[in-house]
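Data block below; observations after.
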Amino acid sequence: MNYTAHADGPVDHMDATKYPPVACSLCFSDQGLRLDAEQFQLDYESVMPCPNCGLTGGKRLPKEALETLAHRYFVWGSLWRGDYGGAPRVQFNRKQTTTINVSPWLKPDLALFERLLGIGFFHYGPRLWMLGHVTPLEHLRNSGTRAPVIQRIINEYPSVSYGEDNTFYRLRSSPSAPADPIQYDSPPDEYLGSGRIDSPSLPVLYASPDLDTCLHECRVTAEDETYVATMRPTRPLRLLNLAALLREATQVTEFESLDIAVHMLFLAGKHAYEIIREIALAARHANFDGVIYPSYFSLIRLGIMPFQTIYGISHRIVPQLQDHEESKAVPNLALFGRPIKSGDVCVHSIDRIVLAHVRYGYHFGPSAF
């Protein structure tokens, strides 16, 4: 079995002869850590006493799962997000001793990780690119230096043809005429300029080929009357794919990367809208019919830690990881103008959505360090 420490999700079906358990979920004092440990889908027998605490009935953990748990709780759980980018405030390795000061109830668990894994926890001082100090991003944030970087984005990001065989969805909450296709077109003029990409001079139809993402972004509740229109283009649409991962020259560092700059831009909040709207206007002027862009909810949709690094190097510039990184971007569509009214997009069907079940995925992190 191939096992990746610091995996994004649970590790399951581990061979007990190859990965012998060293602890169990009952070893932990902190309730958050205990609940996190119970999330691992491991098929060890739990009737034998735990080799660490001697109790039965807990979820057995080998060293590899224990290391994943430490990363998920202390590293991901201490993530700090700035206006752009972000970085964990705690890290661990086998070379340093523990220097963080945790809450009293967490100290026995910290000692357990130290003893069984031979690691130490310390405050992490990130490289500044992780906090948004990326030259193209800094130029985008300055209105006086923005235009050349936007032109680079138009020139360097790939163009995609979205044809009649592509299906995508648009949600509306409480439309006045739910069965009327025109209700699912871009909003009227008086509502323009409030979204991520639309502006007073550029109506945008927001949609996604991923229906779950639509539900996330529309913040649908069980009380809403929600409807979904299934749409297809009537002609090939020329779209600028901003969800793509740029394969930049190997000599480009994280501080110079246009790819990382755009990635951070779409993970930012409303303060980034002004820049994104200017990119959209430039794409319109370059005769694109719209843009594909990564959903703000991509990472929470997939349950993935943002701004992952290996020894300070972004995963996005490691060739062996680029395909995997690109797959993390859940694509959204922003189609310019009013494509339903113009006939460039047809509404195939309209259905009411009934929320039957909602489940939150979560894990924990330290409250003090």
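I need every pair where a residue in the range 29-40 that is closer than 13 Å to residue 72 by Cβ and not assigned by TED's automatic domain parsing to the domain that holds residue 58 has its Cβ under 8 Å from the Cβ of a residue that is acidic (Asp, Glu) and at pLDDT 95 or above, sequence separation at least 6 or different chains.
none
Quick test for you: out of 161, 143, pick the one residue that is polar (S, T, N, Q), modelled with pLDDT of 95 or more and in contact with a Pro (Cβ under 8 Å, 6 or more places away or on another chain). Steps first, please.
Values: 143 fails: in contact with a Pro (Cβ under 8 Å, 6 or more places away or on another chain).
Being polar (S, T, N, Q), modelled with pLDDT of 95 or more and in contact with a Pro (Cβ under 8 Å, 6 or more places away or on another chain) holds for just one of 161, 143, which is 161.
I need the full set of residues from the range 170-186 which are out of contact with any Ser or Thr (no Cβ under 6 Å at 6 or more places or on another chain) and either not assigned by TED's automatic domain parsing to the domain that holds residue 206 or not aliphatic (A, V, I, L, M) (or both), in order please.
Residues satisfying the conditions are 170, 172, 174, 175, 176, 178, 180, 181, 183, 184, 185, 186.
Pick from the range 23-64 the residues that are of a type in the set (A, V, I, L, M, F, W, C) and surrounded by fewer than 18 Cβ atoms within 10 Å (Cβ to Cβ): which of them is modelled with the lowest pLDDT? Before you say what the answer is, go through the steps one by one.
Taking the range 23-64 first, the residues of a type in the set (A, V, I, L, M, F, W, C) are 23-24, 26-28, 33, 35, 37, 40, 42, 47-48, 50, 53, 55, 61.
Still in the list and also surrounded by fewer than 18 Cβ atoms within 10 Å (Cβ to Cβ): 35, 47-48, 53, 55.
Values: 35: 96, 47: 74, 48: 83, 53: 96, 55: 94.
By that ranking, first place goes to 47.
Considering only residues of the range 269-292 that are under 17 Å from the mean Cα position of the chain (by Cα) and crowded, with 20+ Cβ neighbours inside 10 Å, which is nearest to residue 127 (Cα to Cα)? Steps first, answer last, please.
Applying the first criterion (under 17 Å from the mean Cα position of the chain (by Cα)) to the range 269-292 yields 269-270, 272, 292.
Okay, now just the ones that are also crowded, with 20+ Cβ neighbours inside 10 Å, so 272, 292.
On the way: 272: 22, 292: 30 Å.
This residue is 272.
Would you say residue 363 is surrounded by fewer than 18 Cβ atoms within 10 Å (Cβ to Cβ) and not in a strand (DSSP E or B)? Don't jump to the end; show me each part of the working.
Values: surrounded by fewer than 18 Cβ atoms within 10 Å (Cβ to Cβ): yes; not in a strand (DSSP E or B): yes.
Spelling it out, residue 363 is indeed surrounded by fewer than 18 Cβ atoms within 10 Å (Cβ to Cβ) and not in a strand (DSSP E or B).
Are there any pairs with C-beta distances below 7 angstrom linking a residue in the range 346-358 that is over 13 Å from residue 226 (Cβ atoms) to a residue that is of a type in the set (Val, Ile, Thr) and not in a loop (DSSP other than H, G, I, E, B), with the two at least 6 apart or on different chains, and if so which?
347/340; 348/230; 349/230
Kindly indicate whether any position in the range 204-211 is under 16 Å from residue 290 (Cα atoms), touching a strand residue (DSSP E or B) at 6+ places or on another chain (Cβ under 9 Å) and in a loop (DSSP other than H, G, I, E, B).
Yes, the range 204-211 contains a residue that is under 16 Å from residue 290 (Cα atoms), touching a strand residue (DSSP E or B) at 6+ places or on another chain (Cβ under 9 Å) and in a loop (DSSP other than H, G, I, E, B).
Could you pull out the residue among 72, 81, 94, 89 that is among the basic types (Lys, Arg) and either assigned by TED's automatic domain parsing to the domain that holds residue 305 or without any contact (Cβ under 8 Å) to a residue 60 or more places away in the chain (or both)?
Values: 72 fails: either assigned by TED's automatic domain parsing to the domain that holds residue 305 or without any contact (Cβ under 8 Å) to a residue 60 or more places away in the chain (or both); 81 fails: either assigned by TED's automatic domain parsing to the domain that holds residue 305 or without any contact (Cβ under 8 Å) to a residue 60 or more places away in the chain (or both); 89 fails: either assigned by TED's automatic domain parsing to the domain that holds residue 305 or without any contact (Cβ under 8 Å) to a residue 60 or more places away in the chain (or both).
Answer to the check: 94.
Which condition breaks for residue 198 when tested against (1) among the acidic types (Asp, Glu); (2) over 22 Å from residue 330 (Cα atoms); (3) modelled with pLDDT of 90 or more?
(2)
Taking the range 89-146, which residues are under 30 Å from residue 274 (Cα atoms), among the basic types (Lys, Arg) and part of a helix (DSSP H, G or I)?
Narrowing the range 89-146 to residues under 30 Å from residue 274 (Cα atoms): 89, 126-146.
Right, trim to among the basic types (Lys, Arg) and you get 89, 127, 141, 146.
Listed by number, the residues that qualify are 141, 146.
Going through 295, 327, 314 one at a time, which residue ends up being on the phi < 0 side of the Ramachandran plot, surrounded by fewer than 19 Cβ atoms within 10 Å (Cβ to Cβ), of a type in the set (S, T, N, Q) and not assigned by TED's automatic domain parsing to the domain that holds residue 84?
Working: 295 fails: surrounded by fewer than 19 Cβ atoms within 10 Å (Cβ to Cβ); 314 fails: surrounded by fewer than 19 Cβ atoms within 10 Å (Cβ to Cβ).
Exactly one residue qualifies, and that residue is 327.
The values are calculated or read from the model by the stated rules, or taken from the named source; none is laboratory data. Note that the structure is predicted; figures quoted are calculated from it, not measured. Because the Cβ atoms are built from the backbone with ideal geometry, glycine has one as well, and the counts that use them run over all protein chains shown.
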